[in-house]
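One structure is given here, and the rest of the page talks about it.
The values are calculated or read from the model by the stated rules, or taken from the named source; none is laboratory data. If you're wondering where the values come from, they're calculated on a predicted model, not measured in any experiment. Cβ coordinates were reconstructed from backbone atoms using ideal geometry, including for glycine residues, and neighbour counts include every protein chain displayed. We work out accessible area using only protein heavy atoms, side chains counted, and drop any ligands, DNA or RNA first. Shrake-Rupley method; radii C 1.70, N 1.55, O 1.52, S 1.80 Å.
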Amino acid sequence: MAQSSKGLPKIIPLTLVILLGILVQVLFVFADMQETPNKAAVAFAEAYYGFDKTGLGERLCESSRVVDEVNVVDQYIYDAARKAEARGYDLGMYVKNDLYHVETEILEESFDKARVRLTAERKSGLRTFFSREDVHPVDLTFDLVREDGKWKVCTDLLSLDKA
């Protein structure tokens, strides 16, 4: 008895669609992994309000990291810890803030420089669990430069609270 090849033409388009879908997903993953000024600004802001010393060090440009022979990241963390201690807290979950409803807008961009405006809501997870009144608006503009293949924020770290 001869075998029929009626099922084979139906399988080929289905296989091509599945392979195309896998290829598109791989392309989306690589596109999402690309370093952009927007992602760098959000990562910096999250590290700043979360008092993440490592994240701040990675996202702060070399020229802004040390001012007058003082490591500004260490100084910022130290000052925040002293303020928290004066209020009776440690620099733990109660003092740290998370960003919600984050939006970014690129104001200027070239190959190695960018200016990004970040707007968000900042709140402490523990405090807002009990009270919804502790929401602070965030509206910052960051100057970024490309250093070592990564976008890094070049701003006066110690003056951000005053902004």
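Of the listed requirements (1) under 22 Å from Ser159 (Cβ atoms); (2) part of a helix (DSSP H, G or I), Ile18 misses just one: (1). Among the aromatic types (Phe, Trp, Tyr) and free of Cβ contacts under 8 Å to residues at least 24 places away in the same chain: does that describe Phe30? In short, yes. Selection over region 133-148 of residues that are in a strand (DSSP E or B) and either open to solvent by 50 Å² or more (accessible area, probe 1.4 Å) or charged (D, E, K, R) (or both) gives a count of 7.
Give the residues of region 54-100 that are assigned to a loop (DSSP other than H, G, I, E, B), open to solvent by less than 70 Å² (accessible area, probe 1.4 Å), touching a residue at least 12 places away in the same chain (Cβ under 8 Å) and farther than 17 Å from Val153 by Cα, sorted by residue number. I'd like the intermediate steps shown before the answer.
Looking only at region 54-100, we keep the residues that are assigned to a loop (DSSP other than H, G, I, E, B), and these are 61, 68-69, 87-97.
Going one step further and asking which of them are open to solvent by less than 70 Å² (accessible area, probe 1.4 Å), we end up with 61, 88, 91-92, 94-95, 97.
Still in the list and also touching a residue at least 12 places away in the same chain (Cβ under 8 Å): 61, 91, 94-95, 97.
If the condition is that a residue be assigned to a loop (DSSP other than H, G, I, E, B), open to solvent by less than 70 Å² (accessible area, probe 1.4 Å), touching a residue at least 12 places away in the same chain (Cβ under 8 Å) and farther than 17 Å from Val153 by Cα, then Leu91, Tyr94, Val95, Asn97 are the ones that fit.
Right, Glu105: in contact (Cβ under 8 Å) with a residue 60 or more places away in the chain, loosely packed, with under 15 Cβ neighbours inside 10 Å, of a type outside the set (A, V, I, L, M) and closer than 18 Å to Leu144 by Cα or not? Write out each step before concluding.
Working: in contact (Cβ under 8 Å) with a residue 60 or more places away in the chain: no; loosely packed, with under 15 Cβ neighbours inside 10 Å: yes; of a type outside the set (A, V, I, L, M): yes; closer than 18 Å to Leu144 by Cα: yes.
Judged against the criteria, Glu105 is not a match.
For region 21-32, the count of residues that are of a type in the set (D, E, K, R) and surrounded by 13 or more Cβ atoms within 10 Å (Cβ to Cβ) is zero.
Of everything in region 35-53, what is open to solvent by less than 30 Å² (accessible area, probe 1.4 Å), within 14 Å of Arg115 (Cα to Cα) and not small (Gly, Ala, Ser)? Give them in sequence order. Residues satisfying the conditions are Pro37, Phe44.
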